[in-house]
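**Student:** After the structure tokens below, expect a handful of questions from me.
The values are calculated or read from the model by the stated rules, or taken from the named source; none is laboratory data. Being a predicted model, the structure only gives us computed values, none of them experimental. No Cβ is skipped: glycine too gets one built from the backbone with ideal geometry, and neighbour counts run over all protein chains shown. The protein model used for the area step is the full one, side chains on, heavy atoms only, and it has no ligands, DNA or RNA in it. Shrake-Rupley method; radii C 1.70, N 1.55, O 1.52, S 1.80 Å.
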Amino acid sequence: MAKIGITGLCLAGMFALNPCALLHAQGVANTTVTVDSMNLPGADAAALAARAGWWDVSETVWARPGAEPAVIHGQVAHRQMVGLYLQEMLYASAQRSDAALYRMDYLGYNRVTGRWEYLSMDTRVAAGLMPAWSYEHDDVRRIRIQFEPFAFPGAGATVSGQLLRMEEIIEQTGPDTETKDQYFILADGSGTKWLAHRYAYARRKGGL
């Protein structure tokens, strides 16, 4: 085995601790962006900001592949920008000021990693916080994200414990309409993918 020497070990340690040093040493420094610019709103954030306001929401649920859909009407969502992220709060009803908060999520484009980031929580399901990411810089009009596999108690009254994978497609279907489609694959050996949830949004004219 060749001897590396003290200088070689020091350089290897420096590059391991600071990958940017290796890029600069190879002449691959990016001079077109700055650190500050990575945290400024761009075209993607502007497109998300255009979705702020109140939306009517209907939710369709397919409990298993081939199941009859169950539809929930009358929900409303409020959206606003929090920094570079679009926050959405889904409420049970627009008719009551004390309506229950069902769900909340955050969506934004990370200019450092070059992909969309998403985080959701549903107060109706014991699944905890659910993070997800896109693989690449999808068009803001159709964003495809994959979640970390997560566990939940199961369907019905009996706790069975289930693990699943989930994919969500957020798509603008018109200037004032949008869908969020959630596809599930259970860890049951079948590998079956099915549309389990659909949130359909229509912008409210004039707010609540």
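**Student:** Net charge within 15 Å of residue 42 by Cβ-Cβ distance, Lys/Arg positive one each and Asp/Glu negative one each, not counting residue 42 itself?
**Tutor:** Spelling it out: positives minus negatives among the neighbours equals -3.
**Student:** Averaged per residue, what accessible area in Å² does the range 47-181 show with a 1.4 Å probe, protein chains only?
**Tutor:** The answer is 53 Å² per residue.
**Student:** If the range 74-204 were replaced by its equivalent ellipsoid, with semi-axes equal to the square roots of 5 times the Cα gyration tensor eigenvalues, what would those be, largest first, whole Å?
**Tutor:** Values for the range 74-204, descending: 24, 21, 14 Å.
**Student:** A follow-up question, please. Just order 88-95, 139-146, 40-47 by mean Cβ neighbour count inside 10 Å, highest at the front, would you?
**Tutor:** So the order, starting with the most tightly packed, is 88-95, 139-146, 40-47.
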